[in-house]
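Participant: Structure provided below as structure tokens; questions to follow.
The values are calculated or read from the model by the stated rules, or taken from the named source; none is laboratory data. The shown structure was predicted, so the numbers you read here are calculated from the model rather than taken from an experiment. Because the Cβ atoms are built from the backbone with ideal geometry, glycine has one as well, and the counts that use them run over all protein chains shown. Surface areas here come from the heavy atoms of the whole protein model, side chains and all, with no ligands, DNA or RNA. Shrake-Rupley method; radii C 1.70, N 1.55, O 1.52, S 1.80 Å.
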Amino acid sequence: MLSLTYLYRQKNLSDSKTLLTYKLLIRYSPRLKMVYLNPFTRIRNNILSKFEFISGKENVLSSIEDRICYSYDATRQEYLPDLVVIPGSREEISEILKLANYYKIPVVVRGSGTGLSGGALAVRGGIVLVTTKLNKILDIDEKNLYVVVEPGVITGNLHNTVENLGFFYPPDPSSLKVSTIGGNISHNAGGPRALKYGVTRDYVRALELVLPDGNVLNSGSKTVKSVTGYDLTRLIVGSEGTLAIITKAILKLIPKPEKTITFLSSYKDLEIAAEAVVEMARKKLIPSTIEIMDETTISAVKDFVPGIIPEGAESILLIEIDGYEDEAKRQEEILLKILHHSNAEEILKAENDMEREKLWTARRSALSALSRIKPSTIIEDATVPVDKVPDLIRGIQELSKKYLLTIGTFGHAGDGNLHPTLLTDMRIGLEKEKVEKVTHEIFNRALSLGGTLSGEHGIGIMKSKFLKMEVKDEGYRIMKGIKKLFDPNNILNPGKIFEDD
């Protein structure tokens with residue numbers, strides 16, 4: 001192990017403040033330790049100057065303090081990049097990739113870092129390429145119902161812009177106030193409205209892409225229909241930045257619903273709430289949203305944002321219906337009958353936008369509230385057919401008791417996408433082993449029920465060891481072949497999706 005004195009000499013640290021930063025980081029960030037202590041610069045000065053020439057010196061960050069800011073994401077994992085580059089155009093991205101591909105430098109594309117699978121982490125070092133400067137809404141075509149955006153556009157900003165014109169872009173991940181469209185597309189983001197409106201891939205008509213060798217590829221079309229050759233657009237959606245970098249997207253819009261009605265229904269038992277969800281499907285009622293929260297999550301949310309959830313609730317459903325006003329009222333009548341017959345303890349209706357936002361604050365606070373309970377928060381997104389939601393919930397509760405592990409469960413019950421959130425302290429060796437066992441059993445249960453490992457978060461580094469459980473050897477082989485075809489030098493987001501990468 002190198003001494004701090006040697007580190008000081010190699011890095012030419014001339015002030016005590018910077019040296020103190022190194023000491024603290026080495027002490028408190030063991031995952032980063034070996035990177036900090038490496039005396040060899042992976043990206044030499046002559047190469048660094050080339051990146052500065054492409055994007056400007058002010059947009060190429062090489063100091064330890066700057067790089068630390070881009071070393072982690074919402075998973076709380078930490079991997080230090082060698083360089084951070086913030087380009088301002090497609091042309092710059094093209095030149096950066098040409099240079100990186102020539103020198104075989106890993107490139108990890110990053111938006112706001114809100115991902116929950118580790119997709120934005122530089123697990124092999126190299127360059128973190130940040131797309132936040134490409135943040136323009138370039139065109140809204142009101143006749144053909146599409147919008148053209150750059151990848152750094154914030155999802156919530158896009159919502160507000162198109163809704164002010166009477167249009168609607170449905171995908172709504174919980175991180176919509178900070179997450180970017182590029183990240184949403186890369187992970188095929190869903191959200192609460194996926195039940196009725198589908199996920200991100202259902203709204204991507206065309207993409208402008210920069211390939212690993214720097215060449216530009218345009219896929220898809222502005223038209224509603226296009227079956228010209230292979231569907232490369234759908235291939236890129238959900239590929240987690242491993243095949244190409246998105247520099248522009250054409251997204252489908254639909255008319256904004258005339259009326260939205262929001263209910264919060266509380267129950268004494270989580271399984272009863274889950275059965276109510278199944279009953280809605282039986283009655284052919286398709287709300288835009290059905291969200292569920294268990295007792296552990298409710299308790300955490302009550303402490304985090306008090307005064308929203310009714311007292312005594314051990315589980316809740318947050319339900320929205322929308323459409324033309326007459327249709328929404330008809331759906332409301334059906335929904336209320338189902339809720340009353342399902343033994344709901346209390347049914348609250350939002351009477352205005354302020355009350356609706358209040359109810360949504362409780363739901364969107366779920367993960368933040370749970371993360372305050374224990375030092376480590378591991379959130380999964382196993383997904384099953386809707387009629388199997390009660391079975392998956394039952395299985396999660398059994399695992400919580402079996403392993404004496406606190407698990408808060410919430411998520412999109414209407415489309416079967418649950419978020420069992422494991423609360424623990426991963427610094428304790430036995431706890432880490434316990435979490436791995438529980439995670440494996442949750443995935444086994446989901447797959448046995450006809451489900452999938454991931455409904456919306458992606459594979460990244462968090463689920464790579466489980467991928468073959470679902471896609472089997474042949475699917476795995478084909479996926480790796482696609483990666484090799486697009487990226488023969490494996491520079492784009494290496495170490496993601498495939499465990500043996």
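Participant: Quick check, is Thr161 β-branched (Val, Ile, Thr) and either in contact with an Asp or Glu (Cβ under 6 Å, 6 or more places away or on another chain) or open to solvent by less than 40 Å² (accessible area, probe 1.4 Å) (or both)?
Facilitator: When the stated conditions are applied, Thr161 does not pass them.
Participant: Only residues that are open to solvent by less than 20 Å² (accessible area, probe 1.4 Å) and in contact (Cβ under 8 Å) with a residue 60 or more places away in the chain: list them for segment 164-185, please.
Facilitator: Phe168, Tyr169, Pro170, Pro173, Ser179, Thr180, Ile181, Gly182, Ile185
Participant: Continuing with this model, one more query. Quick check on segment 99-109: of everything there that is aliphatic (A, V, I, L, M) and assigned to a helix (DSSP H, G or I), which residue is surrounded by the fewest Cβ atoms within 10 Å (Cβ to Cβ)?
Facilitator: Leu99
Participant: Only one of (1) crowded, with 19+ Cβ neighbours inside 10 Å; (2) within 24 Å of Ser175 (Cβ to Cβ); (3) not β-branched (Val, Ile, Thr) is not met by Phe304, so which one is it?
Facilitator: (1)
Participant: If I ask for residues that are acidic (Asp, Glu) and either open to solvent by less than 40 Å² (accessible area, probe 1.4 Å) or at pLDDT below 95 (or both), which ones from segment 461-499 would you list?
Facilitator: The answer is Asp487, Glu499.
Participant: Kindly check whether there is at least one residue in segment 420-433 that is surrounded by 22 or more Cβ atoms within 10 Å (Cβ to Cβ) and within 30 Å of Ile286 (Cβ to Cβ).
Facilitator: yes
Participant: So the check is Cβ under 9 Å with 6+ separation or different chains; which pairs have a first residue in segment 311-327 that's modelled with pLDDT under 95 and open to solvent by 70 Å² or more (accessible area, probe 1.4 Å) and a second one that's assigned to a helix (DSSP H, G or I) and among the charged types (D, E, K, R)?
Facilitator: Glu311/Lys302
Participant: Sticking with this one: Could you figure out which of (1) among the small types (Gly, Ala, Ser); (2) in contact with a strand residue (DSSP E or B) (Cβ under 6 Å, 6 or more places away or on another chain); (3) over 28 Å from Glu398 (Cβ atoms) isn't true of Ser239?
Facilitator: For Ser239, the exception is condition (2).
Participant: For segment 240-258, how many residues meet the condition of being part of a strand (DSSP E or B) and out of contact with any Lys or Arg (no Cβ under 6 Å at 6 or more places or on another chain)?
Facilitator: Number of matching residues: 7.
Participant: Report, by residue number, each residue of segment 317-353 that is outside any loop (DSSP other than H, G, I, E, B), of a type in the set (Asp, Glu) and more than 20 Å from Pro257 (Cβ to Cβ).
Facilitator: Scanning segment 317-353 gives a single hit, Glu346.
Participant: I'd like to know if segment 361-384 contains one or more residues that are loosely packed, with under 15 Cβ neighbours inside 10 Å, part of a helix (DSSP H, G or I) and not aliphatic (A, V, I, L, M).
Facilitator: Within segment 361-384 (the criterion being loosely packed, with under 15 Cβ neighbours inside 10 Å, part of a helix (DSSP H, G or I) and not aliphatic (A, V, I, L, M)), the answer is yes, since at least one residue qualifies.
Participant: Still on this structure, please answer the following. What number of residues within segment 282-300 satisfy the criterion of being within 17 Å of Leu418 (Cα to Cα) and either open to solvent by 10 Å² or more (accessible area, probe 1.4 Å) or in a helix (DSSP H, G or I) (or both)?
Facilitator: Matching residues across segment 282-300 total 5.
Participant: Oh, and also: Counting only residues that are among the hydrophobic types (A, V, I, L, M, F, W, C) and within 18 Å of the chain's Cα centre (by Cα), which one in segment 117-128 is surrounded by the most Cβ atoms within 10 Å (Cβ to Cβ)?
Facilitator: So the residue we want is Ala120.
Participant: Could you list, in sequence order, the residues of segment 217-249 that are open to solvent by less than 20 Å² (accessible area, probe 1.4 Å) and either among the hydrophobic types (A, V, I, L, M, F, W, C) or at pLDDT below 95 (or both)?
Facilitator: Of everything in segment 217-249, those that are open to solvent by less than 20 Å² (accessible area, probe 1.4 Å) and either among the hydrophobic types (A, V, I, L, M, F, W, C) or at pLDDT below 95 (or both) turn out to be Ile236, Val237, Leu243, Ala244, Ile245, Ile246, Ala249.
Participant: Hey, Leu392 hits all of (1) in contact with a Leu (Cβ under 8 Å, 6 or more places away or on another chain); (2) closer than 20 Å to Val199 by Cα but one; which does it fall short on?
Facilitator: (2)
Participant: Which of the residues belonging to segment 64-94 are small (Gly, Ala, Ser) and at pLDDT 95 or above?
Facilitator: Ser71, Gly88, Ser89, Ser94
Participant: A further question on this structure: Anything in segment 220-270 that is over 30 Å from Ala362 (Cα atoms) and of a type in the set (D, E, K, R)? List them, or say none.
Facilitator: Residues satisfying the conditions are Lys222, Lys225, Asp231, Arg234, Lys248.
Participant: Okay, moving on. Taking the stated definitions as given, is Ile154 farther than 30 Å from Gly323 by Cα and either open to solvent by less than 40 Å² (accessible area, probe 1.4 Å) or under 21 Å from the mean Cα position of the chain (by Cα) (or both)?
Facilitator: No: the conditions fail for Ile154.
Participant: Another one. Taking segment 48-76, which residues are open to solvent by 40 Å² or more (accessible area, probe 1.4 Å), among the polar types (S, T, N, Q) and more than 19 Å from Lys104 (Cα to Cα)?
Facilitator: If the condition is that a residue be open to solvent by 40 Å² or more (accessible area, probe 1.4 Å), among the polar types (S, T, N, Q) and more than 19 Å from Lys104 (Cα to Cα), then Ser63 is the only one that fits.
Participant: Now for a different question. Check Thr114, Thr131 and return the single one that is in contact with a helix residue (DSSP H, G or I) (Cβ under 8 Å, 6 or more places away or on another chain), within 18 Å of Val84 (Cα to Cα) and open to solvent by 20 Å² or more (accessible area, probe 1.4 Å).
Facilitator: Thr114
Participant: Cβ-Cβ below 8 Å, separation at least six or inter-chain, first residue in segment 430-453 and at positive phi, second surrounded by 18 or more Cβ atoms within 10 Å (Cβ to Cβ) and not in a helix (DSSP H, G or I): which pairs?
Facilitator: Gly450/Val384
Participant: Show me the strands (runs of 3 or more DSSP E) found entirely inside segment 110-216 where at least 1 residues are under 30 Å from Ser63 (Cβ atoms) and at pLDDT 95 or above.
Facilitator: Qualifying strands (runs of 3 or more DSSP E): 127-130, 204-210.
Participant: Return the residues of segment 381-408 that are touching a helix residue (DSSP H, G or I) at 6+ places or on another chain (Cβ under 7 Å) and either small (Gly, Ala, Ser) or without any contact (Cβ under 8 Å) to a residue 60 or more places away in the chain (or both); say none if nothing qualifies.
Facilitator: The answer is Ala382, Leu392, Gly395, Ile396, Leu399, Tyr403, Leu405, Gly408.
Participant: Just to be sure before I move on: is Ile261 more than 25 Å from the chain's Cα centre (by Cα) and assigned to a strand (DSSP E or B) in the structure I sent?
Facilitator: yes
Participant: Go through segment 257-281 and give me each residue that's polar (S, T, N, Q) and open to solvent by less than 20 Å² (accessible area, probe 1.4 Å).
Facilitator: Thr262, Ser265, Ser266 - these are the residues of segment 257-281 that are polar (S, T, N, Q) and open to solvent by less than 20 Å² (accessible area, probe 1.4 Å).
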